[in-house]
Each structure stands twice: as C-alpha cells, then as structure tokens.
Amino acid sequence: MSDSIRLYNTLTRKKEIFVPVKKGHVGIYSCGPTVYSYQHIGNLRTFVYNDLLKRLFLYNGYKVKHIINVTDVGHLTSDADIGEDKVERAASREGKTAKEISNYYFNIFRQDLKKLNVIEPDVWPRATEHINEMISLIKILEKKGYTYKTSDGIYFDTSKLKDYGKLAGLKKEGLKAGKRVAIGEKKHNTDFALWKFSEKPGVRQQEWNSPWGVGFPGWHIECSVMSSKYLGKQIDVHTGGQEHIPVHHTNEIAQSEAGYGKKPWVKYWMHFAWLLFEGEKISKSRGGAYLLSDLEEEGYNPMSLRYLYLTAHYKKPLNFSFDMLDYAQNAYKRLKNILAEIKKAHDKKNRKNMERAKKQFLEIINDDLNSSKALAYLWDILRDNSLNNSEKYELAIDFDKFFGLELDKEEKIEVPANVKKMADDREEARKNKDWKKADEIRDKINKLGFVLEDTERGVKVKKR
Ligand code: AMP
Ligand code: ZN
C-alpha cells in the first residue's frame, strides 16, 4: 500500500496527500447523470475520469466503494430552482412515463460505460428510491433552524452558515438579496429548495406526500442523502464536472454539514474539466454533443475515445475533433499491434528493471492522476532498448490495470449494425441491377474500414 497519492482538492485549492477516513479503504461518490436524455461524449469524459480515479486507488491496493447516483427527479431546467423538471418534461415530450424515460436513458448510459470499459459502481442509487431519507434530512435541518417556507417550497437559509460557499470561494456579499436578482420569495439569492410543492397535486407524474405538502425533492438533497447513506457521515472523495462547484456541490456541503454535523463532510473534492468542441463546452445547446453510438457508426472503436480522453490531464480542457479522434484511434491501433507482436516473446525477465519501471509509473499516476504523462511513459517503455519484449509486455499489461484500455484483449472485430445494413442495401441494389447505387454503397463501406467479399454463402463483410 502506497501512501503517496496526491490529489488536487478543490476545497483547499491545493494538491494534498490523500489520507482516507478508514485505513486501506476509500469511498468515492460521483454525481451521475440526469436521465432525461442521452449522455454525450462530454458527459462520458467525466465518467471515464471517475473510472481512472477508482483504478488509481485499486492500483495502489485500496478497497474501493464507488457510488454513482441516478438523478430521475428534481433536476430543474434552471439552477435557480425554477423551470421544469427535466425528466417530467422529457416524459410529456415523448409521451412516456417518467419511469420509462429514466430507465431507457439510464440503460443506454450504462451500456456506453461498459463499452468504454468503465468498472461499474457498487451502487447506482436513484433519487426516486430515497425520498424518505431525503424527507428525514430536511426534518433535521428544519429542527436545527436552517429552513423556511415559501409558497412554492421549503428552502435552505444559506445566511445561517458562516462558511457557505467555501468550495467556490463565494463572497458573503453575494448572498444578500440584490435588487437586480429575481429571487421571488427567497430571502437570499443563494438560498435553495430542499422540497418543492407540486403546483397542482395530481398533475406531475412523480410526487410524494411530505410533512410540508405534496411535492418533490430539490436536486441537491439527493446527493447529500445518497452519498452518506452508502459511504457514511464523512466521505473520502466526491467528484463531478466543474460546473457543479458554485451551486450543486456548494449546496450539498451546506445541507450535509448543517444536517450531519461533520466537518468537512467530504475530505477531497475533485472536479473534472470539460470536453470542448470548437473551443466551447460540449453541450446539447452549443454543439458537438456526439453520442458514443454516433462515433461507432462512423467506424470508431469506443476504446479510441477512451484513449483520447486519457491523453489530457483531468484538470485540463480537452478539445474534441474528428482529427484528434483519428489520431487517438491510430495510436491505439499501433499500441495494440505492438503488444500483439511482443506478446509472443519468451525472454528472461529482469525483475529489478521491471520494479524500477513500475515504481516510476506509480509516481506518475499518484501525482494527481496524471493519465497523459502515464500514457507517454508507456510509449517510452515500449521504445526503451534496455528492456526486452517480455518485460515490456508484462509492464504494459500491468499499467493497463490503471488505463483500462483492454490492452491484453485480442481484437474482436464486430461489424457495426449500420455497415451490415449498408451491405444488405447493396445486395438489394444489385438485385435491382442498380449498379451505380451498389458501387456507391460499396465505396462508403470501404471508407468505414470494411470490405465486401463474395463467398459461397453470399457476400461477407470483413474488416480491412
Ligand atoms: P448531466 O446529466 O447534465 O447532469 O451531466 C452528467 C455529468 O457530465 C456531470 O457531472 C457534468 O458535469 C458532466 N458534463 C457535462 N458536460 C460536460 C462536458 N462537456 N465535458 C465534461 N463533462 C461534462
Ligand atoms: Zn450530485
């Protein structure tokens, strides 16, 4: 067990040596998806980094308990506690039940993570399954005098906490209800909803009785409740995208520290930088919001995307472009080819050389999860003339416990569904003697990296 992991803690704004709450164990809570739509490649970057963090601890010999929550209620279209519930809105738009919506998008997300070789969390808690626990925490906050009621809900009074906003370094002056800020009946603009009343009970699909009235929980309360339910009153690491710092995580801290009375409630806060497209955060509204399935349809292997994510440190924004993805796919293919080649070697291994390399690798990843430097180090090892092929292979497979790039897996070539469909369409065109169309489709198939071969049992699609 190494005790030398150093992580940048958003709370203290410095790199710190990681000391767990319980020796040898680490609990990680990661804010998960709001399951009202598909998760794009920007969202997926965050979850691959969660996975790398977990693998870092596993590589260091820790027992890891990892929780990713599923937000299936209470996340409104605006961070200011107004607007529509995202899941409810998607349900009425698609003419489905809220449950159908959340199950559908959650399952796709889960499959995407699997394709990206992300280790499943120990628990996937859903907000709708923890309503009673949320009501209990709100009752505690009420008893301690942190709440007040307005006509639309129960709110947390942020002025009651001296250190409110410490995660984001928010200034106290900002808390006063400014004249220019529309805050409705809230006392301070940073106050936030713990419980929202249904406007007209019986209209929403997801609503519950509570001591304050029929309604649904605010977004932040779910993460306080579910993280502490599964990981205890003090948590080792809490992660999420960087936009969560000023509102969502700030409010999680406020209600948890006020309610549970443990400070700090979370020891290490880690925030991952965004995936960008043409210089801007990838999002549905701004563009670049490709899905993993879109990339697969273009002939990319999900592992190429994982490789691309790994080329940047988690605190640095990463620009996505198809050129970058091509570069990553080529590098990944080259890596796999080299390993397939050197796998066959039977050289005598020098343990001392290997221990030295492993130690250096550990130092790199333990320095704030430096995946880009670690990847460069793997390439250095493969080029290192003082190591023989058997040593190189063993080291690469060992490092892959951290990378999760499936470096030991034989390439399994699966023909994507769209390519299969194109091959069928080409057959149809040939039957109809539409040679021009048939040739066009064949060219498209070739471009995607596949070839068509005539066999006795008909046309087969193969990887080029
Ligand atoms: P959401 O489903 O919108 O709550 O997002 C799920 C996670 O994806 C959150 O932790 C976000 O911070 C993260 N996320 C959203 N957009 C991006 C992006 N462009 N790059 C990286 N992470 C993102
Ligand atoms: Zn959260």
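The values are calculated or read from the model by the stated rules, or taken from the named source; none is laboratory data. Small disclaimer: the values here were computed from a predicted structure and weren't measured. Counting neighbours? That spans all protein chains shown, and the Cβs are built from the backbone with ideal geometry, glycine included. Accessible surface is based on the protein model in full, side chains and every heavy atom, while ligands, DNA and RNA are left aside. Shrake-Rupley method; radii C 1.70, N 1.55, O 1.52, S 1.80 Å.
Taking the range 213-268, which trypsin sites (Lys or Arg not before Pro) meet the DSSP loop condition and have no more than 16 other C-beta atoms within 10 Å? Before the final figure, lay out each step's value.
Values: sites: Lys229, Lys233, Lys262, Lys267; in loops: Lys233, Lys262.
Passing both the DSSP loop test and the Cβ count: Lys233, Lys262.
With the full set of protein chains in place, find how many percent of the accessible area of the range 417-463 is carbon and sulfur; take the probe as 1.4 Å.
Working: 1670 of 3550 Å².
Exposed carbon and sulfur together represent 47 percent of the surface.
Figure the gain on full extension for Lys263 and Gln360 (residue separation times 0.36 nm, minus the Cα-Cα span) and round it to one decimal in nm. All intermediate terms of the calculation are to be shown ahead of the outcome.
Working: separation 97, 0.36 × 97 = 34.92 nm, distance 3.52 nm.
Gain on extension, Lys263 to Gln360, equals 31.4 nm.
Suppose we look only past 28 Å in the calculated P(r) of the chain. What percent of the Cα-Cα pairs does that tail hold?
Working: 62767 of 107416 pairs.
For the chain, the fraction of Cα-Cα distances above 28 Å is 58 percent.
What shape does the range 6-272 take by its C-alpha gyration tensor, where a ≥ b ≥ c are the square roots of the eigenvalues and a/c under 1.5 counts as rounded, a/b above b/c as prolate, and the rest as oblate?
Details: a/c = 1.75, a/b = 1.17, b/c = 1.49.
In terms of gyration-tensor shape, oblate.
Over the range 325-428, give the accessible area per residue in Å² for a 1.4 Å probe, as an integer.
Numbers: 5700 Å² over 104 residues.
Ligands and nucleic acids excluded, the figure is 55 Å² per residue.
Report in % the part of the accessible area of the range 223-309 that belongs to carbon and sulfur, leaving out ligands and nucleic acids; probe 1.4 Å.
Numbers: 1280 of 2780 Å².
Reported share for carbon and sulfur atoms: 46 percent.
Grab the beta carbon distance between Asn353 and Val123, set R0 = 45 Å, and tell me the FRET efficiency rounded to 0.05. Don't jump to the answer; show the numbers that get you there.
Numbers: r = 41 Å, r/R0 = 0.92.
Efficiency, rounded to the nearest 0.05: 0.60.
Per the Kirkwood formula on distinct C-alpha pairs, the Rh of the range 276-403 is how many angstrom?
Evaluated on the range 276-403, it is 16.2 Å.
Against the globular-protein guess of 2.2 N^0.38 Å, express the Cα radius of gyration of the range 25-80 as a ratio, rounded to two decimals. Intermediate results must be reported in sequence, preceding the final value.
Values: Rg = 13.7 Å, N = 56, 2.2 N^0.38 = 10.2 Å.
So the range 25-80 has a normalised radius of gyration of 1.35.
Eigenvalues of the Cα gyration tensor times 5, then square-rooted: what semi-axes does that give for the range 417-463, in whole angstrom, largest first?
Semi-axes, largest first: 15, 13, 9 Å.
On the full set of protein chains, 1.4 Å probe, figure out the accessible area of Glu297 and give it in Å² to the nearest 10.
Counting only protein heavy atoms, Glu297 exposes about 90 Å² to solvent.
Taking loop as defined by DSSP and a crowding limit of 15 other beta carbons within 10 Å, which trypsin sites (Lys or Arg not before Pro) in the range 12-88 fit?
On the way: sites: Arg13, Lys14, Lys15, Lys22, Lys23, Arg45, Lys54, Arg55, Lys63, Lys65, Lys86; in loops: Arg13, Lys22, Lys23.
Filter output for the range 12-88: Arg13, Lys22, Lys23.
To the nearest Å, what is the center-to-center distance of the range 390-430 and the range 25-60, using C-alpha atoms only?
23 Å
Using the heavy atoms of the protein chains alone and a 1.4 angstrom probe, what is the accessible area of the range 39-90 per residue in square angstrom? Provide the component values of the computation, followed by the final result.
Numbers: 1340 Å² over 52 residues.
Value returned for the range 39-90: 26 Å² of accessible area per residue.
Sort the range 75-222 into rounded, prolate or oblate with this rule: let a ≥ b ≥ c be the square roots of the eigenvalues of the Cα gyration tensor; rounded if a/c is under 1.5, and if a/c is not under 1.5, prolate when a/b is larger than b/c, oblate otherwise. It would help to have the intermediate numbers written out before the result.
On the way: a/c = 1.83, a/b = 1.47, b/c = 1.24.
Because a/c hits 1.5 or more and a/b exceeds b/c, the range 75-222 counts as prolate.
Considering the range 215-314, what Rg and Dmax in Å follow from its alpha-carbon atoms?
Computed over the Cα atoms of the range 215-314, radius of gyration and Dmax are 17.4, 52 Å.
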